[in-house]
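**Q** Encoded as structure tokens, here's the structure I'll be asking about.
Every number in this text was worked out from the coordinates using simple rules, so none of it is lab data. Everything numeric here is computed off the predicted structure, so don't read it as measured data. Cβ coordinates were reconstructed from backbone atoms using ideal geometry, including for glycine residues, and neighbour counts include every protein chain displayed.
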Amino acid sequence: MHCLRFLRRKKLNTSLTSSYVTVTKHQTLTQTHHAHHQEHNNVIASNKLIASYVRSGDVGSALRVFDNMTVKSTITWNTILAAFAKKHGSFENARQLFGKIPEPNTVSYNIMLACYWHHFGIHSARGFFDHMPVKDTASWNTMISGYAQVGLMDEAHRLFAAMPEKNCVTWSAMVSGYVACGDIDAAVECFYAAPMRSVITWTAMITGYMKFRKVESAERLFMELCLKTLVTWNAMIAGYVDNGRAEDGLKLFKTMLETGVKPNNLSLTSVLLGCSDLSALQFGKQVHQLVCKSPLREELKEKLLLWHSEKLAIAFGLLKVPLGVPIRVFKNLRVCGDCHSAIKYISAIEGREIIVRDTTRFHHFKDGICSCSDYCDLVSVIHKRNTATFIAQASN
């Protein structure tokens with residue numbers, strides 16, 4: 001607020017405009033140049049202050065600075081326009097402001113393009129895009145990414161083919177879109193056709209291979225990639241766990257730590273799931289300690305450590321589902337041995353039929369017996385037998 005009072009006190013460009021009016025033939029060129037230089041510096045200072053307010057979410061203060069400026073650059077207009085474009089329910093303000101910009105540039109048009117996409121969807125954005133007098137690579141990328149995000153890959157491909165100049169963002173958007181839509185063949189073709197690939201493109205392709213259980217192909221890309229980000233490591237670790245190779249996921253997590261990459265909540269989530277699958281108690285405790293020591297919010301720590309969700313679902317079912325009605329639980333991960341054993345006991349004690357659907361089969365629990373003939377318990381025993389060896393290797 002001190003900066004704002006200072007700008008008001010100085011009257012910013014009002015005094016500067018007056019200085020131009022009073023420049024006469026008796027004044028020197030040096031004085032005129034000084035007035036212009038002072039105005040230029042004040043516009044830059046005001047732009048920085050507006051940008052600072054916008055970044056902090058204080059659009060009101062940014063507008064007060066904006067309104068006090070009598071001379072505004074295109075950057076000034078674009079900064080306020082971007083603030084309205086990102087704010088929910090401010091489309092009309094953004095549209096009116098856009099119409100007042102004396103000389104809108106491609107950045108101005110791109111901000112409004114994103115505003116149409118954010119408020120009204122991809123089809124409204126396309127209408128604005130088609131009428132833009134100037135387009136740059138960012139304009140095309142906005143539309144292609146938008147189509148990819150909503151699964152309209154045919155439209156994305158048509159724009160992609162018509163795009164005059166592509167960059168890494170363009171290729172990444174196409175690869176990610178094909179992966180999300182389940183067209184792994186098109187994703188692979190696009191990936192290898194790309195003349196330039198960013199780490200985002202590589203990570204998207206690794207995620208796609210893992211999603212379609214092509215683990216060896218994902219491993220090959222991961223090894224070829226020299227510059228790996230945390231997102232890349234997370235994609236591999238989560239992919240291993242999702243494909244039933246939790247042991248490889250935990251080994252890779254240890255390698256990641258050794259290279260100096262700090263894990264985030266997604267890393268810890270995948271590793272804890274892997275520990276659950278392997279019944280790797282000791283390694284899980286180490287991860288637990290890492291979570292406790294990491295600078296995470298308390299509620300996020302609790303969320304990371306709350307696993308075995310089928311137990312919570314069954315507990316809720318026991319409270320809410322009427323007696324005699326089976327309790328049904330659907331899960332997108334394999335039931336671990338611990339939960340499998342617990343559900344058998346619950347079905348026997350409560351006299352309830354419990355049906356659990358995981359990634360591999362339906363489990364019908366009744367009177368302490370499961371229809372899978374305790375396959376999960378057998379897998380758990382095998383994992384436990386190998387866990388001691390694995391933990392010893394991981395600790396060395």
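**Q** Once amide H atoms are built 1.01 Å from N in the peptide plane, which residues 5 or more positions from residue 363, or in another chain, come under 5 Å H to H?
**A** Residues meeting the amide H criterion: 356, 357, 358.
**Q** Once phi is turned into ³J(HN,Hα) by the Karplus curve 6.51 cos²θ - 1.76 cosθ + 1.60 with θ = phi - 60°, what whole-Hz value does each residue of the stretch 251-258 show in order, with x for glycine and proline?
**A** 4, 5, 4, 5, 4, 4, 5, 5
**Q** Give the order of 103, 353 when sorted by the count of other beta carbons within 10 angstrom, beginning with the fewest.
**A** 103, 353
**Q** Using only Cα atoms, locate the centre of the stretch 233-277 and the centre of the stretch 317-370, then give the distance between them in Å, rounded to an integer.
**A** 28
**Q** Then there is this: With a point put 7 Å past each Cα toward its Cβ, work out how far residue 371 is from residue 134 in nm, to one decimal.
**A** 6.6
**Q** Sketch the reach of a paramagnetic label on residue 332 as a point 7 Å from Cα along Cα-to-Cβ, and name the residues of the stretch 172-204 whose backbone nitrogen lies under 15 Å away.
**A** 180-182
**Q** Another question, if that's okay. For the stretch 159-228 and the stretch 39-117, what is the separation of their Cα centres, given in Å?
**A** 35
**Q** Quote to one decimal, in nm, the extra length available between residue 355 and residue 90 on full extension: 0.36 nm per residue of separation minus the C-alpha distance between them.
**A** So the chain would gain 90.6 nm between residue 355 and residue 90.
**Q** Next question, about the same structure. Measuring from label point to label point, each 7 Å out along Cα→Cβ, what is the residue 118 to residue 52 span in nm?
**A** The two pseudo-label positions are separated by 2.3 nm.
**Q** Order 65-77, 150-162 from most to least packed using the mean count of other Cβ atoms within 10 Å.
**A** 65-77, 150-162
**Q** Apply the Karplus curve 6.51 cos²θ - 1.76 cosθ + 1.60, θ = phi - 60°, to the phi angles in the stretch 243-249 and return the couplings in whole Hz, x for Gly and Pro.
**A** So the J values, rounded to whole Hz, are 9, x, 10, 4, 4, 5, x.
**Q** Ok, one more. What is the order of 190, 226, 370, 168, fewest Cβ neighbours within 10 Å to most?
**A** 226, 168, 370, 190
**Q** In this model, which of 211/366; 211/331; 135/211 are farther than 24 Å apart at the alpha-carbon?
**A** 211/366; 135/211
**Q** Got a sec? How would 165, 350 order by Cβ neighbour count within 10 Å, fewest to most?
**A** Neighbour counts put them in this order, fewest first: 165, 350.
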